[in-house]
Each structure stands twice: as structure tokens, then as C-alpha cells.
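Some notes on the structure that comes next.
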Amino acid sequence: MNWDRLSEIDYFLAFVNFLETPVSGVALRIFLHGSKNETELLLGLPGTVDQWQVDFQSYAVYSATAEDFTSLPARPHIGNAYHIYAESSLLSYLKRHTNLTEQELTRHINYRHFSFACMEHQVDVVSAAPPMIELLHASKDFI
């Protein structure tokens, strides 16, 4: 699937919602809209935005923070909406205030911070496994 579009320089995302799902192998599902045109995301007219589904098998934490309350990471990434961090302030916080480090040692896994910079929201997920990303519906402009 052409999900690498999420990492393109001029591609924008809008957060739709989260769903904790009873689907086998999927603990968390995120729905996003995407477009190369920010105005299309604001209008959200049918057929003008791409519709994405992001599934995580498991997670330690997930959140959506209103844009007004977000801060740039120590090493900001400019221009693309999807990032994967091996180190971040969120991971550092969780390692200090939860048993995340113990879970890593016990399960022989490494948690990573998956981040989606969306219009009006910052969506963050901490998980040991990368998400399965699927384009549900492409806009008429999807190439």
C-alpha cells in the first residue's frame, strides 16, 4: 500500500478519531484524513481527502493533544506529518513514571513513539510494534 505518502514533505493530516477495537490483532485503530491541500482537509468534502486507517497490535499509551497545547520535540521534524522516534520526551517520561523499562526488559522489546502531526491535533502512540497503515479511500487527486 502507498502509505509512504504520510511521510511526504507537502502532505497534511487531520485526526478523525480513535477506536479501541475487539478485532483480533488490533488493539487500537486511528482514523485520519490526508491531503496535499490543507484547505481540502478543512472543508472535508467527500472525495477530496484520502481516508487512512492506522492499526496498532498493542500500545502502552495513546493520546490526541489539541494543537494549542503541543510543543515541538527537542529535534523537530519540519515538513512531514508522520514520525517514528526511538527517543522522545514522551518515552523518557514513561520510562521514569511507569514500568515501561521493566516491560522492555521482560518482553525483550523496544517501545517507540509514533507521532502524527495533524491539523489541530498532535496524535501520539507508544508501541513496540509498528502500525499497519491502510489507505481506505483515495481522493480523486491521489496519484
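Taking the Cα centre of the range 1-139 as origin and assigning +1 to Lys and Arg Cβ atoms and -1 to Asp and Glu Cβ atoms, the resulting dipole is close to 420 debye. From the alpha carbon centroid of the range 76-126 to that of the range 21-53 is 21 Å. Taking a point 7 Å from the Cα of Ala129 along the Cα-to-Cβ direction, the residues of the range 1-39 with backbone N closer than 17 Å to it are 19-30. Available extension along the chain between Ile109 and Asp10 is 32.3 nm, counting 0.36 nm per residue and deducting the alpha carbon span.
Using a 10 angstrom cutoff on alpha carbons, build the Gaussian network for the chain and name the most mobile of Ile109, Ile30, Ile84. Highest fluctuation among the options: Ile109. For Rg and Dmax of the Cα atoms in Å, which listed value, (1) 17.7, 59; (2) 15.5, 47; (3) 14.4, 44, comes from the coordinates shown? So the structure-derived entry is (2). Each Cα pair under 8 Å and six or more residues apart adds its separation to the average, and for the chain the resulting relative contact order is 32 percent. Picking from Leu32, Leu13, Leu100, which is most flexible by a Gaussian network model of the chain using Cα springs under 10 Å? It is Leu100. When the chain is treated as a Gaussian network with alpha carbon springs shorter than 10 Å, the biggest mean-square fluctuation among Leu105, Leu42, Leu91 belongs to Leu105.
A short reminder: the numbers here are calculations on the coordinates, not readings from a lab. None of the values given here were measured: they were computed from a predicted structure. As a convention, Cβ positions derive from the backbone with ideal geometry for all residues, glycine included, and neighbour counts pool all protein chains shown.
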